[in-house]
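Everything below concerns the one structure shown next.
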């Protein structure tokens, strides 16, 4: 097993008076993928947002290479690539312009060949000059995935990455994800669907409460798939 | 720095693709200004007397019009999350948004207002004073308005609430901006007023980016 | 299971205020009785304004307290943002309408007081106009804190607004003063000592003290209500989840 790069210990989050998850712990090493599973509202998005420091957890630590990430939030943000429910694209800009802007906003304008490579990987070369607002939902999702790939960030945080993707696009995503992991990257993906990568570890959120456990509490149960 | 410039450039490019958004704000400025002679009467001495105040107030209202979309558009398409996740200070990102807003709103207003001032019978020096005070004063309006927009992001009745929050805070700028032109009409120099407007802009620059960033982080939670 | 995280400090506060409230109420009533005697009976009428000067005993303390109230909102805002103190949010929610009412009372009494002097109910002089703007800042704070479905979001947004508003208040006052100098200059808190006749100063300070006690009393009572309301909302939410 790869040495742990990301070490989450006893993470807890309350949202709107409700304990979303509590005492959540896991470790993730280079080249590993963590799949977050659980019902709607079990806290998958909240966990992703907490890891991205968008949401402030109430307890627990998140460590990268042993150092608490909250000590240097800006550096941490530079290590992330984020894919949320919303694509994060401007409708009036073209596909190419959106990708360029996204990279410039990360302070790192990409070389042309890398940009073309990302477009090709998701079969967007023909759509590169089109404004995003005319694209279908699946096409927009592909642009967002291209943005993630382009960022070359070590940690990918993905919320329902397979949403709206057709079969070829799912294959493209899987291939891109495998390349990322093979290069030593990490990924955490919240998903309803099977990611189709057998090496994934799974973390299930929002276990149903028994008659004795406190209401609204969610704890993580980690399972390793062979 | 790359990120700051990229953000300003992006917002300017977006406005360039939809120039109607800016045109509407400027049209509102003209219409609102024209209402005053219609409501008060076209007596030229009176109009020259109230011109500074009317034009400044109309500029203030016109600036507010486009503000509730300042962050809301980014919030709705998910790009606000990307700004929150950018590896450079959020305060600078908020500043970049306000700068872009000023370039497409405050700056055109400062250019347009003197032409309306002619219709109110202001003399040449007063017209220059009007342009100068608006040029120095409208950045403050963009910053305070940006703060109000960030505070009301996702709130109910955000448009009216934004105005309620922003307008009292804009009063000092309004007083010195309009007052400068009246001082000039009384035969004195208005450089003190201009200097105070500049100082107000600096105070806004020093305080609002921090507050905007704090408010935007709340919206991200 | 009860919401322990939320109850930590507010419960202690509630116990404290329950203990303090009876004696505080008694002290307030007593202070007002004495103060009103001084103000209405013992202090002399003004040689110019006659008996109407007595409105000052309500108008001036209201002004002071409305300004102090906004300062309180700013301090509570800082406490909320920096230390995430849950009580700060609730107390700010409680105090804002109280401060706003004092501002309104100041405006109304100022208007009534001015009527015999100015011949009209409103004059755009510096201090009344500044007070009017302070009233608007209060309204903004109240509206913003209640504009969100999530009360925490509203509390934190209002906290930021209170801090920015507090920084702006001296600027607003300075600019309105410049804009108009009709009102008589501030005659009590001046560096050379108060220029008000001692016969009026003492009752004025006493009345200010009485109003301060009233302010504290109202804020404590309202904070208790806010604690209860928040507790009720949390219980409702837990009940909904269990259903």
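The values are calculated or read from the model by the stated rules, or taken from the named source; none is laboratory data. Worth saying up front: this structure is predicted, and the values here are computed from it rather than measured. Positions of Cβ are generated from backbone atoms using ideal geometry, with glycine treated the same way; all protein chains shown enter the neighbour counts.
When residue B:212 is tested against (1) without any contact (Cβ under 8 Å) to a residue 12 or more places away in the chain; (2) more than 8 Å from chain C (Cβ to nearest Cβ), exactly one condition is not met: (1). For the condition facing chain C (nearest Cβ under 9 Å), part of a helix (DSSP H, G or I) and without any contact (Cβ under 8 Å) to a residue 24 or more places away in the chain, residue B:207 qualifies.
Could you list all residues from the range C:165-181 that are under 15 Å from residue C:71 (Cα atoms) and more than 9 Å from chain B (Cβ to nearest Cβ)? Those that are under 15 Å from residue C:71 (Cα atoms) and more than 9 Å from chain B (Cβ to nearest Cβ): C:166, C:169, C:170, C:173. Among the residues of the range C:105-118, is there at least one that is within 30 Å of residue C:83 (Cα to Cα) and buried (at least 21 other Cβ atoms within 10 Å of the Cβ)? No: the range C:105-118 contains no residue that is within 30 Å of residue C:83 (Cα to Cα) and buried (at least 21 other Cβ atoms within 10 Å of the Cβ). Would a scan of the range B:34-51 turn up a residue that is at pLDDT below 95, within 21 Å of residue B:212 (Cα to Cα) and under 19 Å from the mean Cα position of the chain (by Cα)? No, the range B:34-51 has no match at all. Residues that are in contact (Cβ under 8 Å) with a residue 40 or more places away in the chain and more than 9 Å from every other protein chain (Cβ to nearest Cβ) were ranked within the range B:167-186; the one that is surrounded by the most Cβ atoms within 10 Å (Cβ to Cβ) is B:177.
Of all the residues in the range B:55-82, those that are away from chain A (no Cβ under 14 Å) and either farther than 16 Å from residue B:213 by Cα or assigned to a helix (DSSP H, G or I) (or both) number 14. Touching a helix residue (DSSP H, G or I) at 6+ places or on another chain (Cβ under 8 Å), crowded, with 21+ Cβ neighbours inside 10 Å and in the same structural domain as residue A:108 (by TED's automatic domain parsing): does that describe residue A:89? Considered against the rule, which asks whether it is touching a helix residue (DSSP H, G or I) at 6+ places or on another chain (Cβ under 8 Å), crowded, with 21+ Cβ neighbours inside 10 Å and in the same structural domain as residue A:108 (by TED's automatic domain parsing), residue A:89 comes out as yes.
Being within 18 Å of residue A:87 (Cβ to Cβ) and without any contact (Cβ under 8 Å) to a residue 40 or more places away in the chain is not true of residue A:174. For the range A:175-191, the set of residues classified as crowded, with 16+ Cβ neighbours inside 10 Å and at pLDDT 90 or above consists of A:176, A:177, A:180, A:181, A:185, A:186, A:187, A:188, A:189, A:190, listed by residue number.
Going through (1) assigned to a helix (DSSP H, G or I); (2) touching a helix residue (DSSP H, G or I) at 6+ places or on another chain (Cβ under 8 Å); (3) farther than 30 Å from residue C:38 by Cβ one by one, residue C:148 falls short only on (1). The helices (runs of 4 or more DSSP H) falling completely within the range A:66-146 that include 2 or more residues that are away from chain B (no Cβ under 13 Å) and touching a residue at least 12 places away in the same chain (Cβ under 8 Å) map to A:112-121.
What number of residues within the range C:151-162 satisfy the criterion of being more than 7 Å from chain B (Cβ to nearest Cβ) and either in contact (Cβ under 8 Å) with a residue 12 or more places away in the chain or not in a helix (DSSP H, G or I) (or both)? Within the range C:151-162, residues that are more than 7 Å from chain B (Cβ to nearest Cβ) and either in contact (Cβ under 8 Å) with a residue 12 or more places away in the chain or not in a helix (DSSP H, G or I) (or both) number 6. Taken over the range B:187-204, the criterion of being within 13 Å of chain C (Cβ to nearest Cβ) and either within 16 Å of the chain's Cα centre (by Cα) or under 22 Å from residue B:146 (Cα atoms) (or both) is satisfied by B:196, B:197, B:199, B:200, B:201, B:202, B:203, B:204.
Quick check: is even one residue across the range C:42-54 assigned to a helix (DSSP H, G or I) and exposed (fewer than 14 other Cβ atoms within 10 Å of the Cβ)?
At the first step, the residues of the range C:42-54 found to be assigned to a helix (DSSP H, G or I) are C:42, C:51-54.
From the residues that got through so far, the ones that are exposed (fewer than 14 other Cβ atoms within 10 Å of the Cβ) too are C:42, C:51.
Scanning the range C:42-54, I find at least one residue that is assigned to a helix (DSSP H, G or I) and exposed (fewer than 14 other Cβ atoms within 10 Å of the Cβ), so the answer is yes.
Going residue by residue through the range A:186-196, is there one that turns out to be closer than 21 Å to residue A:4 by Cβ, in contact with a strand residue (DSSP E or B) (Cβ under 7 Å, 6 or more places away or on another chain) and without any contact (Cβ under 8 Å) to a residue 60 or more places away in the chain? Checking the range A:186-196: not a single residue is closer than 21 Å to residue A:4 by Cβ, in contact with a strand residue (DSSP E or B) (Cβ under 7 Å, 6 or more places away or on another chain) and without any contact (Cβ under 8 Å) to a residue 60 or more places away in the chain.
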